[in-house]
1. Restricting attention to segment 127-203, which GluC sites (Glu not before Pro) occupy a DSSP loop and are surrounded by at most 10 other Cβ atoms within 10 Å?
2. Considering amide H positions built from the backbone, and no H for Pro or chain starts, which residues 5 or more places from T189, or on another chain, come under 5 Å of its amide H?
3. Can you list residues whose amide H is under 5 Å from G172's amide H, if they're 5+ apart or on another chain and H is modeled 1.01 Å from N?
4. What's the center-to-center distance, using Cα atoms, between segment 59-96 and segment 137-203 in Å?
5. If you take every DSSP beta bridge whose two residues both sit in segment 131-193, what share of them, in percent to the nearest 5, is antiparallel?
6. Do the alpha carbons of any pairs in K104/K132; K104/K182; K104/K146; K139/K166; K104/K125; K113/K182 sit beyond 20 Å of each other, and which pairs?
7. Between beta-carbons, use under 15 Å as the cut-off and find the net charge around V107, counting Lys and Arg +1, Asp and Glu -1.
8. How long are the semi-axes of the equivalent ellipsoid of segment 111-188, taking √(5λ) for every eigenvalue λ of the Cα gyration tensor, in whole Å from largest down?
Amino acid sequence: MSVARRVLPLCLPLLLALAACDEPVSTKGAAPSAAPPPTAAEPQPSATTPPPPAKAKIEMPPRPVPLGSAGPIQPSAPPDQQMMAIQYTIAMVTPRGTDPIVDKDYVERIVKKLEGAVRTADKGKTPPNPVKPNKGNRKLEVDMGKGCNERVPENLLHQRAGSSLKEAYEAGVLVISCHDDKWECHQSTRIPEDVLCHAAPRR
C-alpha cells in the first residue's frame, strides 16, 4: 500500500472539520442589533403639536424712570419728564383689545371694601366718599389724607380689601391709585411691578 493511501483516511476527518469552519454562522435566535420600536407606553412627540402661545407684549410709551422704580416724579423734575409721566399714566389705564371687560359687580363690591380699608390705613383725615371708579371703571381712585406711597394701592387691595391685582385685572380694572395731599401713585394690575408716583397736590 502506498503512503498516500495510508495517510488519506487520517486526513479526511481534518479536512471535513476545516470545511465546516467556512460555513456562515446562523443568526436564528440571536438578538437584533437595532432598538425595538417604541411601545404604547412610550408616547412620541407629535410633529403637529403647536407651541404654547407667547404672551402678548404690551406696548407702552417711554417711562420717566425705569420699570421697578416708582419715582416719585418731583415737582422740580424737567418738563419733559413730567410730560412722560402724564403720558405713561394715561397709557396705564387705556384698555387694549386683550384686556377683560369690566365686571361691574366686582367694582361695586371692591369700592365698598376699599372705603373701609382706607379709613383704617389713612394717616390723616380721610375725605368723604374716598373711593371713586373712573375712566369707565378701569381705574379705582382712593383719596386719603396722608400716607400715599407706591406700596399703598396694592396693600389696600390685598391686605385690607381681600382682593388682589390679578383679581382686579380679571374684573377689567387696570389701575388702582392712591392720592393724598402731596402725591398720587398709580398701580398697574396688568404688570404688578409697574407703579408710578408723581406730585399731585389736592386742590
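Readers should treat all values here as calculations from the given coordinates under stated rules, not as data from a laboratory. Nothing here was measured: the structure is a model prediction, and the numbers come from that model. Neighbour counts are summed over all protein chains in view; Cβ atoms, including those assigned to glycine, are modelled from backbone coordinates with ideal geometry.
1. Sparse-neighbourhood loop GluC sites (Glu not before Pro): E193.
2. Amide H to amide H, under 5 Å and 5 or more residues apart or across chains, T189 pairs with V175, I176.
3. Distant-sequence amide H within range of G172: D103.
4. Value for the Cα centre distance between the two parts: 15 Å.
5. 65
6. The pairs that break the limit, which is 20 Å between Cα atoms, are K104/K182; K104/K146; K104/K125; K113/K182.
7. Neighbourhood net charge equals 0.
8. 18, 12, 11
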